[in-house]
Amino acid sequence: MTAVVSEAIDEVRGVLDRAGDSIVVGGRPGPAAGGDLIETFDPATGDAIASIAAGTAEDVDRAVAAATRALGPWQELSPAARGRFLYDIASLIEENAQELATLETLDNGKPLTESMYLDVSIAAEVFRYYAGWCTKLSGQTVPISPPVGNFFTYTLREPLGVVGLIVPWNFPLLIASWKLAPALAAGNSVVLKPSEMTSLTALRLAELANEAGLPAGVVNLVTGFGQTAGQALIEHPGVAKISFTGSTATGQKIVAASAPSLKKLTLELGGKSANIVFPDADLAGAAQGALAAIFLNQGQVCCAGSRLFVHRSVHDEFVGELASAAGAIQLGHGLVDGTEMGPLISGAQRERVEGYLASGTDEGATLVCGGVRPNGELTPGNFLTPAVFTDVRDDMRIAREEIFGPVLTVLAFDDEDEVVRRANDSEFGLAAGLWTSDVKRSHRVAHRLQAGTVWVNQYNMLDPAAPFGGYKASGYGRDLGEESLIGFTQTKSVWVGLD
Ligand code: NAD
């Protein structure tokens with residue numbers, strides 16, 4: 001382990017040492033009811049860095065009870081007072097940015113600059129954005145037309161109650177914030193269940209919420225496995241809604257498991273997003289954008305631009321540039337200066353991605369670069385060099401299934417109608433990108449693409465105000481923006497007889 005990594009571990013030692021008490025119920029951290037622990041690893045070295053509590057159904061039950069008790073004190077606060085708590089959480093995230101970013105990089109592997117300027121800084125902005133909404137969430141007066149009588153009718157936006165937030169390992173702090181901030185702004189109390197592979201920043205976030213002085217039990221944390229802690233949260237009768245981000249397969253299980261209690265659901269699931277380069281684009285900019293679109297976070301991004309459609313007239317030149325730029329990406333430990341790409345989250349994830357690399361070659365695609373485990377000091381980590389496939393057909397597994405790793409599939413196309421049809425020929429519909437200097441084409445194609453977000457001449461842009469979520473098997477409901485806030489409320493119509 002390099003000096004830089006051991007120094008960073010020393011800096012966050014306090015959090016690592018208390019990770020075994022990661023069940024935070026009613027403001028108090030403690031161990032899991034069964035006392036079991038889950039080891040968490042630095043994916044760049046394979047070293048165990050901490051052990052978190054393996055929460056059980058009993059822990060979920062206690063957390064839901066604490067959250068239920070906290071609803072009164074939380075909802076009695078004025079909207080402005082609730083908003084001030086959210087502003088305070090945003091400030092605390094910023095004050096602890098270095099620690100949070102270091103924890104995220106150690107736990108997930110992503111480069112520290114990404115943890116700092118993407119995950120942590122947007123998380124703070126998300127809290128600030130929803131803090132402002134607390135005083136703006138309002139109902140409507142309704143112009144009704146009754147056959148008899150005279151009424152004043154209006155709507156109220158009421159919180160749902162206790163909500164469960166289940167988040168994945170690729171953007172642990174960021175996605176937890178996407179859900180926690182609007183849930184709280186709307187007046188709900190929460191039980192957060194992070195991924196068993198990356199729970200450290202969630203623990204810190206729960207601590208910061210308590211430090212901000214939120215009434216005890218408004219924010220509860222149950223770490224643990226999906227099949228135990230997650231499943232218990234979904235089945236719990238005291239939970240009104242589950243907001244989930246993760247794989248489509250788990251999303252389907254959640255729909256089934258939540259049916260008996262008819263929970264409301266928001267599901268942010270997988271993707272296989274099309275990124276289209278038209279021949280009239282700024283090709284140098286598009287090449288940079290296409291690389292960032294797929295290789296950010298080692299390709300473990302739900303909206304990754306993993307299907308790159310390039311116009312045949314510029315295809316060969318474009319692929320040449322892509323391959324040489326991909327080959328120059330600096331792999332390393334995320335805490336080491338100059339690292340542009342870290343390891344995959346786990347050995348199992350790397351093997352899964354390697355399975356796709358083999359299937360691409362078997363089905364006749366050409367691997368132009370990458371897809372190998374680097375040697376030397378990176379050997380113990382879960383590293384894989386960035387891969388680019390050409391000669392890809394739409395029916396190949398690498399063009400249809402979510403790989404969730406650093407693998408770009410490049411497909412040639414000839415005209416606009418054809419590429420729109422092929423881009424939409426996917427079970428997923430999370431995001432899409434297109435690169436063109438023709439303003440009419442940009443809007444025309446953006447409107448025709450079946451995706452929850454379309455970026456034009458850019459990729460992976462996010463803002464707390466812009467809703468994010470999927471069409472088709474990429475899920476339903478939205479994170480971010482006003483829509484997420486509304487999704488954490490229910491509407492009541494009130495009729496007041498005036499005669
Ligand atoms: P995952 O589905 O394996 O796990 C996500 C979360 O669900 C984890 O906290 C896990 O413990 C929990 N879980 C697993 N099984 C469960 C069950 N039976 N009941 C309840 N909870 C359960 O996903 P992952 O591997 O952590 O993340 C990768 C996936 O997430 C990819 O498919 C990716 O596309 C998707 N993702 C989507 C978005 C989006 O906004 N659409 C964002 C990020 C990631």
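Can you list the helices (runs of 4 or more DSSP H) lying wholly within the stretch 1-91 that have 3 or more residues being open to solvent by less than 10 Å² (accessible area, probe 1.4 Å) and in the same structural domain as G224 (by TED's automatic domain parsing)? Can you show your working first?
On the way: elements: 3-11, 13-17, 57-76.
Output list reads 57-76.
Looking for whichever is more than 23 Å from A209 (Cα to Cα) and more than 26 Å from the chain's Cα centre (by Cα) here; the options are D42, D36, D17. Which one fits?
Answer to the check: D36.
Residue by residue through the stretch 361-371, note down the ones that are surrounded by 13 or more Cβ atoms within 10 Å (Cβ to Cβ), over 27 Å from the mean Cα position of the chain (by Cα) and touching a residue at least 12 places away in the same chain (Cβ under 8 Å). Talk me through it step by step, then tell me what you get.
Kept after step one, since they are surrounded by 13 or more Cβ atoms within 10 Å (Cβ to Cβ), are these residues of the stretch 361-371: 361, 363, 365-371.
Now narrow it down to the ones that are over 27 Å from the mean Cα position of the chain (by Cα): 361, 363, 365-369.
E363, A365, T366, L367, V368, C369, listed by residue number.
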* How many residues, within the stretch 386-419, are closer than 22 Å to W169 by Cβ and open to solvent by less than 30 Å² (accessible area, probe 1.4 Å)? -> 7
* Structure fact -> Of the residues in the stretch 435-477 that are among the small types (G, A, S) and within 19 Å of H311 (Cβ to Cβ), the one that is nearest to the ligand (Cβ to nearest atom) is A446
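Listed here are the residues, each with its yes/no results for (1) of a type outside the set (F, W, Y); (2) assigned to a helix (DSSP H, G or I); (3) more than 18 Å from P168 (Cβ to Cβ); (4) within 11 Å of the ligand (Cβ to nearest atom).
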residue	(1), (2), (3), (4)
G224	yes, no, no, yes
G230	yes, yes, no, yes
I234	yes, yes, no, yes
A286	yes, yes, yes, no
G289	yes, yes, yes, no
* Asked: Of the residues that sit in the stretch 241-267 and are near the ligand (Cβ under 10 Å from one of its atoms) and aliphatic (A, V, I, L, M), which one is farthest from N188 (Cα to Cα)?
  -> A249
* To do: Determine which member of the set T153, T102 is modelled with pLDDT of 95 or more, outside the structural domain of Q298 (by TED's automatic domain parsing) and closer than 28 Å to G487 by Cα.
  => T153
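In this structure, is G83 in contact (Cβ under 8 Å) with a residue 24 or more places away in the chain and on the phi > 0 side of the Ramachandran plot?
Working: in contact (Cβ under 8 Å) with a residue 24 or more places away in the chain: yes; on the phi > 0 side of the Ramachandran plot: no.
Here the answer is no, as G83 does not meet what is asked.
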* Quick one: in the stretch 346-360, which of the residues that are surrounded by fewer than 18 Cβ atoms within 10 Å (Cβ to Cβ) and within 16 Å of the ligand (Cβ to nearest atom) is nearest to W169 (Cα to Cα)? -> S346
* Asked: Looking at (1) surrounded by fewer than 24 Cβ atoms within 10 Å (Cβ to Cβ); (2) in contact (Cβ under 8 Å) with a residue 60 or more places away in the chain, which is the one condition that is false for Y117?
  -> (2)
* Asked: Based on what the data block shows, is L192 under 19 Å from F171 (Cα atoms), within 13 Å of the ligand (Cβ to nearest atom), in contact with a strand residue (DSSP E or B) (Cβ under 7 Å, 6 or more places away or on another chain) and open to solvent by less than 10 Å² (accessible area, probe 1.4 Å)?
  -> yes
* Asked: Does G246 satisfy being in contact with a Phe, Trp or Tyr (Cβ under 6 Å, 6 or more places away or on another chain) and farther than 16 Å from V162 by Cα?
  -> no
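Considering only the stretch 477-486, I want to know if a residue exists there that is in contact (Cβ under 8 Å) with a residue 24 or more places away in the chain, in a strand (DSSP E or B) and buried (at least 16 other Cβ atoms within 10 Å of the Cβ).
We begin by selecting, within the stretch 477-486, every residue in contact (Cβ under 8 Å) with a residue 24 or more places away in the chain; these are 477-480, 482, 484-486.
Still in the running and in a strand (DSSP E or B): 479.
Now restrict to residues that are buried (at least 16 other Cβ atoms within 10 Å of the Cβ): 479.
Within the stretch 477-486, one or more residues are in contact (Cβ under 8 Å) with a residue 24 or more places away in the chain, in a strand (DSSP E or B) and buried (at least 16 other Cβ atoms within 10 Å of the Cβ).
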* Please verify whether the stretch 326-333 includes one or more residues that are free of Cβ contacts under 8 Å to residues at least 24 places away in the same chain, in the same structural domain as I398 (by TED's automatic domain parsing) and not in a loop (DSSP other than H, G, I, E, B). => no
* Taking the stated definitions as given, is T248 β-branched (V, I, T), assigned by TED's automatic domain parsing to the domain that holds E39, out of contact with any His (no Cβ under 8 Å at 6 or more places or on another chain) and open to solvent by 50 Å² or more (accessible area, probe 1.4 Å)? -> no
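Yes or no: L156 more than 16 Å from the ligand (Cβ to nearest atom), touching a residue at least 24 places away in the same chain (Cβ under 8 Å) and in a loop (DSSP other than H, G, I, E, B)?
Details: more than 16 Å from the ligand (Cβ to nearest atom): yes; touching a residue at least 24 places away in the same chain (Cβ under 8 Å): yes; in a loop (DSSP other than H, G, I, E, B): no.
No; evaluated as a whole, the condition is false for this residue.
Given V126, V120, V148, which one is away from the ligand (no atom under 16 Å from the Cβ) and under 15 Å from the mean Cα position of the chain (by Cα)? It would help to see each step written out before you state the result.
Numbers: V126 fails: away from the ligand (no atom under 16 Å from the Cβ); V148 fails: under 15 Å from the mean Cα position of the chain (by Cα).
After ruling out the rest, the residue left standing is V120.
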* Tally, over the stretch 195-222, of residues that are surrounded by fewer than 23 Cβ atoms within 10 Å (Cβ to Cβ) and in a loop (DSSP other than H, G, I, E, B) -> 6
* Could you please give the count of residues in the stretch 368-418 that are touching a His at 6+ places or on another chain (Cβ under 8 Å) and within 25 Å of R448 (Cα to Cα)? => 4
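The values are calculated or read from the model by the stated rules, or taken from the named source; none is laboratory data. Values in this document were obtained by computation on a predicted structure and should not be read as measured data. Please note: Cβ atoms are built from the backbone with ideal geometry, for glycine as well, and neighbour counts cover all protein chains shown. Side chains included, ligands, DNA and RNA excluded: accessible areas come from the protein's heavy atoms. Shrake-Rupley method; radii C 1.70, N 1.55, O 1.52, S 1.80 Å.
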